[in-house]
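What follows is a single structure, written as structure tokens, with notes after it.
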Amino acid sequence: MGSRRPEPLFSSLLFFCSGVVPIRLLAVHDLKYPWMQRGRSEPVQESISKPILLALITALVIGVVAPLVMPHLAHPSMIYHIILHIASLTIAVFLSIVSLLAYRRSTGARLLFMTLGFMALATVEFLYLLDATGMVSLFDISTLNIELPHVILLAMLAMFGLGVLKVDK
């Protein structure tokens, strides 16, 4: 066996946030890296408090999209529309990460489809946020007269449908 040292998503998130949030607030329990031996063969689960994770994702999303929103603060009618898209993007990213962590624990096909559906939702919300801020107009498939976010939404619904209707044997 080779000595492969994968860097898990949770570890990267923990490293990124450890400078901002004290470690004791993250409620990390039994964190095990693959290259560290603990003397037992069963995998140790890693968990993080969901409210803390939501707060970290909210701060991260707002930090990333704040430069896009700043020019629109003077437009009181448009800022509410943009805030709605920021809230939707935050929830979509949060649900994507939570479902990704759940998929990593149980690796079922249903969870994979649900995770892909939430990731598609986050992508659509980001595209709609870019459109609301005027940074980019929606990508239009001109031959069919269909916008790209609608195609991604259809794929998202298909992923959720497959996740719900998938029969495990």
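We did not get these values from a lab; they are worked out from the coordinates using the rules stated. If you're wondering where the values come from, they're calculated on a predicted model, not measured in any experiment. Positions of Cβ are generated from backbone atoms using ideal geometry, with glycine treated the same way; all protein chains shown enter the neighbour counts.
Listed values for the range 120-133 are Karplus-derived 3J(HN,Hα) couplings in whole Hz (6.51 cos²θ - 1.76 cosθ + 1.60, θ = phi - 60°), namely 5, 4, 5, 5, 5, 5, 5, 5, 5, 5, 4, 5, 5, 7, and x replaces Gly and Pro. If the viscosity is 0.890 mPa s and the temperature 25 °C, what Stokes-Einstein diffusion coefficient in µm²/s follows for the range 89-134 when Rh is the Kirkwood radius over Cα pairs? Rounded, D is 226 µm²/s.
Fewest neighbouring Cβ atoms within 10 Å first, the residues MET135, MET119, MET78 line up as MET135, MET78, MET119.
Residue exposure proxy: ARG105, ARG110, ordered by other Cβ atoms within 10 angstrom of their Cβ from fewest to most, comes out as ARG105, ARG110. For GLU147, the residues 5 or more places off, or on other chains, whose built amide H falls under 5 Å of its own are ILE141. Using every pair of distinct Cα positions in the range 36-157, the Kirkwood expression returns a hydrodynamic radius of 16.5 angstrom.
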